[in-house]
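See below for the structure under consideration.
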Amino acid sequence: MKAYILAYPEKRWENYTIPINDEPVVKLTERRLLLSKRIDDVITIVRKDKLKTYSLHVSNPLPVKGRNKLEALLNALPSGEPIFLVEGNMPLIMPFLVNYLTGLFYEDGPEALIPVWRDGTAEVTHAVYEADALRDAVEAAIAEGYKSLSRVTEFLDYEPVSIEELAKRNAKVTLSFFKVRNQFDVRFAEETLRKL
């Protein structure tokens, strides 16, 4: 299965090249994904004008244009194959969880398999999708005027996976959803990576 990393900053504070232990967060995210047995290739979706920057850090950057992450994702999606989608600021992604989610996806065959928190919040950038179903959902979200990637769940027939239930079996599951947004997050990620 291919994994797609969405490293497409929309806001000024979004920085996918912020260093963690002297390596860009997006590179760590890619490396952690490649530790998964079921991921055989990682493609990083980047802004067309940032291709030079990202080509120094990731093995397979895919330059696209778009006003937001939804449009960028729409322009980058393949057809006919399942994908694992993550955001580029998730350096603590757990390979065992990626393997588990992709295994469930192949076993049950839904349009999408999305981890969900108890309050109903879906982790859309840590999920497995049938690429054609995700494309249809993104197109529908854009047609409705939505700009947030989290709105694609309204247009997908997805299977939710309880994060809390998974965390009962292995507490490290919750680390997989951690996103680096500022220097405090960098410090936490550096300390946690040393312990893994």
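The values are calculated or read from the model by the stated rules, or taken from the named source; none is laboratory data. Keep in mind that this is a model prediction, so the values were computed, not measured. Here Cβ is always computed from backbone atoms with ideal geometry, including for glycine, and neighbour counts include all displayed protein chains. Just so you know, the surface numbers come from the protein's heavy atoms only, side chains and all, with ligands and any DNA or RNA stripped out. Shrake-Rupley method; radii C 1.70, N 1.55, O 1.52, S 1.80 Å.
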ask   = Is any residue of region 67-86 close enough, with backbone N under 20 Å, to a label point placed 7 angstrom from the Cα of Glu144 along the Cα-Cβ axis, and if so, which?
value = 67-75
task = Among DSSP beta bridges lying fully in the chain, give the percent that are antiparallel, nearest 5.
result = 35
inquiry  = I'd like to check one number: the per residue accessible area of the chain, probe 1.4 Å, reported in Å² as a whole number.
reply    = 48
task = Starting from the Cα of Arg67, step 7 Å toward the Cβ, then list every residue of region 1-22 with an amide N under 19 Å from that point.
result = 8-12
task = Calculate for the chain the 222 nm mean residue ellipticity that helices alone would give, adding -39,500 (n - 2.57) per DSSP H run of length 4 or more and normalising by residue count, nearest 500 deg cm²/dmol.
result = -10500 deg cm²/dmol
query = What part of the accessible area of the chain, given as a whole %, is carbon or sulfur when the probe is 1.4 angstrom?
reply = 47
query = Which of the GluC sites (Glu not before Pro) found in region 74-173 are in a DSSP loop and have at most 14 neighbouring Cβ atoms, other than their own, within 10 Å?
reply = Glu144
Tally of Lys pairs whose C-alpha atoms are under 27 Å apart, taken over region 1-118, 8 or more apart or cross-chain = 26
key: Restricting region 92-196 to trypsin sites (Lys or Arg not before Pro) in coil, as DSSP defines it, with at most 10 other Cβ within 10 Å   = Arg118
request  = Between beta-carbons, use under 12 Å as the cut-off and find the net charge around Lys50, counting Lys and Arg +1, Asp and Glu -1.
outcome  = +2
Centroid-to-centroid separation of region 18-46 and region 72-118 [C-alpha atoms, Å] = 14
request  = Run the quick spin-label model on Met1 and Phe96: label points 7 Å from Cα toward the beta carbon, then report their separation in nm to one decimal.
outcome  = 1.8
ask   = From the residues Ser36, Gly66, Thr17, which one has its Cα farthest along the dipole of region 1-95 in the positive direction, the dipole being from +1 and -1 charges on Cβ of Lys/Arg and Asp/Glu about the Cα centre?
value = Gly66
note = Computed over the chain, the relative contact order (Cα-Cα under 8 Å, seq sep at least six) in percent reads 23
